[in-house]
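Report on the following structure.
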Amino acid sequence: MNLPISSDFCYPQKQPLLLKNSPTKTAKLYIDKQDYQSRMTTMKKDIHEMQSQMYAQNRYSMLVIFQATDAAGKDSTIEHVFSGVNPQGVEDSSFKSPSDEELNHDFLWRTTRKLPPRGKIGVFNRSYYEEVLICKVHPEIITKYQRLPKEELHDMKTLFDHRYESICDLEKHLVRNGTRVVKFFLNVSKKEQTKRILARIEDHTKNWKFNEADLAESEHWDEYVSAYEDMIKKTATKQAPWYVIPADDKRNMRLLVAMVLRDELKKLKLAWPEVTAEQREALDRSHKLLEKMVQ
């Protein structure tokens, strides 16, 4: 059996993207629960090591974006994949409905404020891509609440094309300045999503996750699939690729995400900072002094 590799899920690819034909399941990376835990532990150690180098080197950063329909597993994936990384090296941001202050700015403003500094991994649970997803399915959000100039609202297709262009320009800018951009779309099937929403009702420990509005949104499934497809096609670049991850098996999904992150970190020129001759002399002097103190 051929196990999947990162490039299997990376876009742009030569073949056209059709989400309705994209797999929501794939060959497993694990045998059983114990094997899953062992493999996840190994990959988290690798990610931790490279992030530590990133933090010490202080030249690169990484922006990791998670987009998906409700109940696809964004929260749990972030929790499981990044739990082994030094908390000082990761900044997690979750974006819900914009505040009044955020609506007083352009659509990229609120996320730009949360971009990761050098040395850190920034994790976006949803992101500026909501502006070409939920806003595309519900354009009244733009016309009623986003306070754009009226002349910008006459042609919604052009408006969204401009947003795709602005997003690509932002990501090119980030990459040029040392921020690697890695984007995940967690591809869950409608049937599996329904099962997970049902579980939120049946399991009292998950009741807090249930929102009746999610049921109404599920009626727009085909519209969201179309919006996600356009988003990926128009913003997937070699510098800032999209990874379409099969999400019906949560454990496999988490392993795939961890595998991709490890491979993306390897693409950066990470290394421990070099010690100058002057610093080496200082280290030697300090080492001799400390050795005397413990004798």
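Since every read-out is calculated from the coordinates, none of them should be taken as a lab result. Everything numeric here is computed off the predicted structure, so don't read it as measured data. Cβ: placed from backbone, ideal geometry, glycine included. Neighbour counts: every protein chain shown.
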(message) In the chain, if the dipole is taken from +1 on Lys/Arg beta carbons and -1 on Asp/Glu beta carbons about the Cα centre, which of Cys135, Ile78, Leu29 is farthest to the positive end?
(response) Leu29
(request) Sum up the charges of everything whose Cβ sits under 14 Å from the Cβ of His173, counting Lys and Arg as +1 and Asp and Glu as -1, but leave His173 out. (result) 0
(message) Nearest 10 degrees is fine. How inclined is helix 277-294 to the longest principal axis of the chain, computing both from alpha carbons?
(response) 70
(request) Could you pull out every residue, at least 5 positions away or on a different chain, whose amide H is within less than 5 Å of the one on Lys183? Hs are placed 1.01 Å off N in the peptide plane, and Pro or chain starts have none. (result) Ile65, Tyr243
(request) Beyond 31 Å between alpha-carbons counts as too far, so tell me which of Lys114/Lys191; Lys20/Lys96; Lys172/Lys266; Lys20/Lys45 fall in that bin. (result) Lys114/Lys191; Lys20/Lys45
(request) Starting with the fewest neighbours, write out Leu108, Leu255, Leu289 ranked by other beta-carbon atoms found within 10 Å of each beta-carbon. (result) Leu289, Leu108, Leu255
(message) Running a GNM on the chain with Cα contacts under 10 Å, which residue among Val275, Val188, Val225 ends up with the highest mean-square fluctuation?
(response) Val275
